[in-house]
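Structure first, then comments.
The values are calculated or read from the model by the stated rules, or taken from the named source; none is laboratory data. In this text, all values refer to a predicted model and were calculated from it rather than measured experimentally. Cβ coordinates were reconstructed from backbone atoms using ideal geometry, including for glycine residues, and neighbour counts include every protein chain displayed. For the accessible areas, the whole protein counts, side chains as well, though only heavy atoms, and no ligand, DNA or RNA atoms are used. Shrake-Rupley method; radii C 1.70, N 1.55, O 1.52, S 1.80 Å.
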Amino acid sequence: MEKCSKCGKKSVYSAQHGPLCESHFLRYFEKKVLNTIKNFKLINSKDVVAIAVSGGKDSTIALDIVAKYCEKRRIKFFAITVNEGIKKYREQTIKDIKKFCKEKKIELKEVSYKKEFGMELDKMIPLAKKKGWDKTPCSICGVLRRSLLNKYAKKWGATKLVTGHNADDEAQSILMNLYKANKDQFVRLGPATGISRKEFVQRIKPLYFCLEKEVELYTKLKKYSVQLKSCPYSSESFRNYVKKNLWKMEKDYPGTTTSILQTYLHILPTLKKEFMETSTPKKLRKCKLC
């Protein structure tokens, strides 16, 4: 049995610098999140922070830690959740996050596809297939979800929008955009989005360096009441294919995920400079209906 390198108690996790017990793992995880906020200057004293929450493990952790960070510094914040209308999945996660926010006395604002677009995602998907749209459910949902989060975060005065993306999520995004040669999207990744348009609220990712396995362990140790299962539509996505392959690489070659992030952040300044010098700014296209 491994012992904690800090205090000698039974370890629950083997970090890069040695095994950690429960209390030291929690400190290690929270320090990693707080250092990300500090080192990348994700939040300042004048910000109004909107925290996007789904009721899943990642966003619940981001909400808990960022809320405490903001409360300590008297920074205004609120939580925002989107109800896409996914039966036997979203109902429970919405219920979980409402309970969590009530217990923590956090203001929670809710928006929905049904109210905004006239129908739930479960009805959109078969309709899209009937019309012959060659799009996965995640492609459709992702655009609508991001649109609503940005629209209402801005409407309610937010200057920053927190998302619960972890290290695995970001590494997957890097690989996905690399595989598909999405140059525009590739340079916009990182702990904070690099888009400087008045139409967009800047997105920030405090869990950027937290591995999926660390997120899961933190969730269990904190005894959060959250759903650990994935969205039923996610199995059809390209991301799911990349995720499975990255997990295999991480298992065979530990440290792969972190190496991808470190390499990306190392070359990002050069990529941005080249992109700005060689690309013509694209005119923002707006939906004719909304």
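Restricting ALA128, ALA158 to those that are hydrophobic (A, V, I, L, M, F, W, C) and surrounded by fewer than 18 Cβ atoms within 10 Å (Cβ to Cβ) reduces the list to ALA128.
Only strands (runs of 3 or more DSSP E) wholly contained in region 29-131 count here; list those with 3 or more residues that are touching a residue at least 60 places away in the same chain (Cβ under 8 Å). Quick ask: steps written out before the conclusion?
Details: elements: 48-52, 76-83, 108-112.
Result: 48-52, 76-83.
This table checks each residue for (1) in contact with a His (Cβ under 7 Å, 6 or more places away or on another chain); (2) farther than 30 Å from VAL201 by Cα; (3) surrounded by 14 or more Cβ atoms within 10 Å (Cβ to Cβ); (4) at pLDDT 95 or above.
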{"site": "MET1", "(1), (2), (3), (4)": "no, yes, no, no"}
{"site": "SER14", "(1), (2), (3), (4)": "no, yes, no, no"}
{"site": "HIS17", "(1), (2), (3), (4)": "no, yes, no, no"}
{"site": "CYS21", "(1), (2), (3), (4)": "no, yes, yes, yes"}
{"site": "ALA52", "(1), (2), (3), (4)": "no, no, yes, yes"}
{"site": "ASP64", "(1), (2), (3), (4)": "no, no, yes, yes"}
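Considering only residues that are crowded, with 20+ Cβ neighbours inside 10 Å and either more than 21 Å from GLY142 (Cβ to Cβ) or of a type in the set (A, V, I, L, M, F, W, C) (or both), which ones fall in region 71-85? Listed by number, the residues that qualify are PHE77, ALA79, ILE80, VAL82.
Regarding ASP184, is this residue assigned to a helix (DSSP H, G or I), of a type in the set (Asp, Glu) and crowded, with 16+ Cβ neighbours inside 10 Å? Talk me through it step by step, then tell me what you get.
Details: assigned to a helix (DSSP H, G or I): yes; of a type in the set (Asp, Glu): yes; crowded, with 16+ Cβ neighbours inside 10 Å: no.
It is false that ASP184 is assigned to a helix (DSSP H, G or I), of a type in the set (Asp, Glu) and crowded, with 16+ Cβ neighbours inside 10 Å.
Does THR257 fit the bill of being outside any loop (DSSP other than H, G, I, E, B), at pLDDT 95 or above and crowded, with 20+ Cβ neighbours inside 10 Å? Talk me through it step by step, then tell me what you get.
On the way: outside any loop (DSSP other than H, G, I, E, B): yes; at pLDDT 95 or above: yes; crowded, with 20+ Cβ neighbours inside 10 Å: yes.
Considered against the rule, which asks whether it is outside any loop (DSSP other than H, G, I, E, B), at pLDDT 95 or above and crowded, with 20+ Cβ neighbours inside 10 Å, THR257 comes out as yes.
Scan region 136-167 for residues that are assigned to a helix (DSSP H, G or I), in contact (Cβ under 8 Å) with a residue 12 or more places away in the chain and of a type in the set (A, V, I, L, M, F, W, C) and the total you get is 8. Among the residues of region 221-241, the ones that are surrounded by 14 or more Cβ atoms within 10 Å (Cβ to Cβ), assigned to a helix (DSSP H, G or I) and out of contact with any helix residue (DSSP H, G or I) (no Cβ under 7 Å at 6 or more places or on another chain) come to 2 in all.
Of the residues making up region 168-189, those that are of a type in the set (A, V, I, L, M, F, W, C), in contact (Cβ under 8 Å) with a residue 40 or more places away in the chain and over 30 Å from CYS70 (Cβ atoms) are LEU175, MET176, PHE186.
Looking at region 194-210, which of its residues are hydrophobic (A, V, I, L, M, F, W, C) and either within 27 Å of LYS99 (Cβ to Cβ) or part of a helix (DSSP H, G or I) (or both)?
Within region 194-210, the subset hydrophobic (A, V, I, L, M, F, W, C) is 195, 200-201, 204, 207, 209-210.
Listed by number, the residues that qualify are VAL201, ILE204, LEU207, CYS210.
Here are TYR241, TYR218: which of them is among the hydroxyl-bearing types (Ser, Thr, Tyr) and at pLDDT 95 or above?
Values: TYR241 fails: at pLDDT 95 or above.
The conditions single out TYR218.
For region 35-42, the condition of being modelled with pLDDT of 95 or more and in contact with a helix residue (DSSP H, G or I) (Cβ under 9 Å, 6 or more places away or on another chain) holds for at least one residue.
Would it be correct to say that ASP168 is at pLDDT below 85 and open to solvent by less than 50 Å² (accessible area, probe 1.4 Å)? Let's see the steps before the verdict.
Details: at pLDDT below 85: no; open to solvent by less than 50 Å² (accessible area, probe 1.4 Å): yes.
Judged against the criteria, ASP168 is not a match.
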